[in-house]
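To start, the structure itself, in structure tokens.
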Amino acid sequence: MTPSYQSDQEPQCQESLFRLERRIIGGCVVLLLAAIVLGSAGCSKPRNENSTAGTSGGGALPNTGTSADNSNTGPSSPPVPPSSAGKGTPTTWEANATLLNGKDGETFTLACSPGGTAHSVWGSDIYTADSSICTAGVHSGLITYQQGGTVTIELRPGRPIYGCSERNGVTTSNYGSYQHSFVFKTPNTEAVVREAEDQTPVLWNTSASMVSFETGKTYKFKCPLGGKESAVWGTDIYTADSSICNAAVHAGKLTSESGGSVTIELRPGESSYKGTTRNGIKTNDYGAYGRSFVVK
């Protein structure tokens, strides 16, 4: 005969198994939901192509300690002025034409950034290759320090002499022989270059010492309007370190107010130089000096 307790135990076992199955099923559901939630959290948020992440230059993200999306990265480029974006190679205000490693006759279009600062320039209309291209562009009236802009230069052979002038707030320096030059490409480039080659621009304090000495050789210079007094030694024959333009006024070839063209001829040195006053210019006495010039 079956004990009476067995009939009571069987339903209890069935209930325990049923509860266990519910716990297992419930646990599986919880695990499944957790997997879905975690999978969603691990997905990348779609990138907003118009986000500000690219405004820091070259599309680089700020350093937040996490890895950035590198799918669209590349080398960052220097800022280009709005007026010249896409029209020239960005360059610095210090850069000169020797850095281009180009050949004579080759042209380069360069973009000078806004907010530029002055750097050394030798020449006027025809510049030495080691002159600041952007500063020379301001001197030529093609761009400004404030706005920058695009300029196109052409590399040229060197010259035996480079003039100087004051234009658009830039005063350039004169120089003697230099092996490479550049000019700016504009509609009137050739006319400007021909004039600079015909008569070298100088300032009122420029002396004949700038040229290579060769007895009997002549040079033609152009003195600007509004002359300024500068030292001269001698009369008719002047020391080579005398102001060319002031010597020309002293010799009666031009006036300080109007300026103009003057031709000089190089001469050997004199044992002494006598000063005089002529045409409003007072020259000085001097002893022996090894190089001289006369105004033609």
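The values are calculated or read from the model by the stated rules, or taken from the named source; none is laboratory data. Just so it is clear, the model here is predicted, and its values are computed rather than measured. Note that each Cβ is placed from the backbone with ideal geometry, even for glycine, and that neighbours are counted across all protein chains shown.
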**Asked** How many residues are buried (at least 24 other Cβ atoms within 10 Å of the Cβ) and of a type outside the set (A, V, I, L, M, F, W, C) if we restrict to the stretch 126-151?
**Response** 8
**Request:** Determine whether the stretch 261-269 contains at least one residue that is assigned to a loop (DSSP other than H, G, I, E, B) and either surrounded by 14 or more Cβ atoms within 10 Å (Cβ to Cβ) or among the hydroxyl-bearing types (S, T, Y) (or both).
**Result:** no
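Inspect the stretch 172-195 for any residue being more than 28 Å from the chain's Cα centre (by Cα) and free of Cβ contacts under 8 Å to residues at least 24 places away in the same chain and give the result as yes or no.
Filtering the stretch 172-195 down to residues more than 28 Å from the chain's Cα centre (by Cα) leaves none.
Checking the stretch 172-195: not a single residue is more than 28 Å from the chain's Cα centre (by Cα) and free of Cβ contacts under 8 Å to residues at least 24 places away in the same chain.
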**Message:** So L110 passes all but one of these: (1) in contact with a helix residue (DSSP H, G or I) (Cβ under 8 Å, 6 or more places away or on another chain); (2) under 30 Å from V262 (Cβ atoms). Which condition number does it fail?
**Reply:** (2)
**Request:** Sort out which residues of the stretch 178-213 are at pLDDT below 95, within 15 Å of D241 (Cα to Cα) and not hydroxyl-bearing (S, T, Y), and write them in order of number.
**Result:** M210, V211, F213
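Kindly indicate whether T152 is polar (S, T, N, Q), under 16 Å from the mean Cα position of the chain (by Cα) and over 26 Å from V202 (Cβ atoms). Talk me through it step by step, then tell me what you get.
Details: polar (S, T, N, Q): yes; under 16 Å from the mean Cα position of the chain (by Cα): yes; over 26 Å from V202 (Cβ atoms): yes.
So T152 fits the description; yes.
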**Message:** Show me the strands (runs of 3 or more DSSP E) found entirely inside the stretch 93-190 where at least 3 residues are not β-branched (V, I, T).
**Reply:** 107-112, 149-159, 178-184
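Quick one: count up the residues across the stretch 201-246 that are in contact (Cβ under 8 Å) with a residue 60 or more places away in the chain, touching a strand residue (DSSP E or B) at 6+ places or on another chain (Cβ under 6 Å) and either closer than 14 Å to G176 by Cα or hydrophobic (A, V, I, L, M, F, W, C) (or both). Break it down into steps so the answer makes sense when it comes.
Taking the stretch 201-246 as the starting set, the residues that turn out to be in contact (Cβ under 8 Å) with a residue 60 or more places away in the chain are 201, 208-209, 213, 218.
Remaining after also requiring touching a strand residue (DSSP E or B) at 6+ places or on another chain (Cβ under 6 Å): 201, 208, 213, 218.
When the remaining residues are screened for being either closer than 14 Å to G176 by Cα or hydrophobic (A, V, I, L, M, F, W, C) (or both), the result is 201, 208, 213.
Number of matching residues: 3.
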**Asked** Just checking, how many residues over the stretch 220-239 are touching a Leu at 6+ places or on another chain (Cβ under 9 Å) and surrounded by 22 or more Cβ atoms within 10 Å (Cβ to Cβ)?
**Response** 2
**Asked** Across the stretch 210-244, which residue is farthest from K282 (Cα to Cα) among those that are more than 33 Å from the chain's Cα centre (by Cα) and in a strand (DSSP E or B)?
**Response** T218
